[in-house]
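These notes are about the structure you will find just below.
Bear in mind these aren't lab numbers, they're just calculated from the coordinates by the rules spelled out. Bear in mind the structure is a predicted one, so any value in this text is a computation, not a measurement. We place every Cβ from the backbone using ideal geometry, glycine too, and count neighbours over all the protein chains shown.
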Amino acid sequence: DTGVSQNPRHKITKRGQNVTFRCDPISEHNRLYWYRQTLGQGPEFLTYFQNEAQLEKSRLLSDRFSAERPKGSFSTLEIQRTEQGDSAMYLCASSRRVGIDETQYFGPGTRLLVL
Amino acid sequence: GIQVEQSPPDLILQEGANSTLRCNFSDSVNNLQWFHQNPWGQLINLFYIPSGTKQNGRLSATTVATERYSLLYISSSQTTDSGVYFCAVNTGTASKLTFGTGTRLQVTL
């Protein structure tokens, strides 16, 4: 396993612009999660995919946010009309149930700064 | 939703000291993980431990599910142990993790 990868690692954008982040999960992991972490806080759940189906979305995921996982492989998270409050670390995780074990493995994150 | 509280919030240790971090949760859980978040923001898996005891080198963890708490033990601490330690849980049929408030650990020479 090469681990969960995320791109870009850093993104600086101006308020009102659209941004898109990519997550490549560990191969054969059928579950993929997006979380958001602001300074001094723990990560908060945004959304979850099982294969290509988006099964759960948090109330934190406003209409400006959309996530996809075509073909059940990589996933993208798009933020439209960014606001300064969107500045945060966006974390992706993946998992696969093995017996009773379903450890979630996290990527390095994409750090977003909205000016 | 489930509440997850960690203590202490901050901890400063001298290199070589031992420590115990605690995670309390308000409901039954299916999954409990301990993570170390390094200064670059990477969340590193330490343990998947919904119940019982596990050990990995200088680290060990115990979860007492019936009493709704988990402990992370760090022995002979090193400066590379510095960072924030999170526990995270999920409940029922939900797969999403709910993270605790974190313990910020600083190990000094």
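Below is a table of values for the structure above.
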| item | result |
| --- | --- |
| Rg/Rh (Cα only; Kirkwood hydrodynamic radius) as it applies to chain B | 0.96 |
| Contact order relative to length of chain A, as percent, for alpha carbon pairs under 8 angstrom and 6 or more apart | 36 percent |
| A:Asp63/B:Ser28 FRET efficiency (R0 41 Å; Cβ-Cβ; nearest 0.05) | 0.75 |
| Relative contact order for chain B, counting Cα pairs under 8 Å that sit 6 or more residues apart, in percent | 37 percent |
| Mean Cα-pair separation over length for the range A:54-98, i.e. relative contact order, pairs under 8 Å, 6 or more apart, % | 26 percent |
| GNM result for chain B, Cα springs below 10 Å: residue of B:Leu13, B:Leu46, B:Leu21 fluctuating most strongly | B:Leu13 |
| Exposure proxy ranking, count of Cβ atoms within 10 Å, fewest first, for A:Val19, B:Val4 | A:Val19, B:Val4 |
| For A:Pro70, net neighbour charge (Lys/Arg +1, Asp/Glu -1) across residues whose Cβ lies under 12 Å away | +1 |
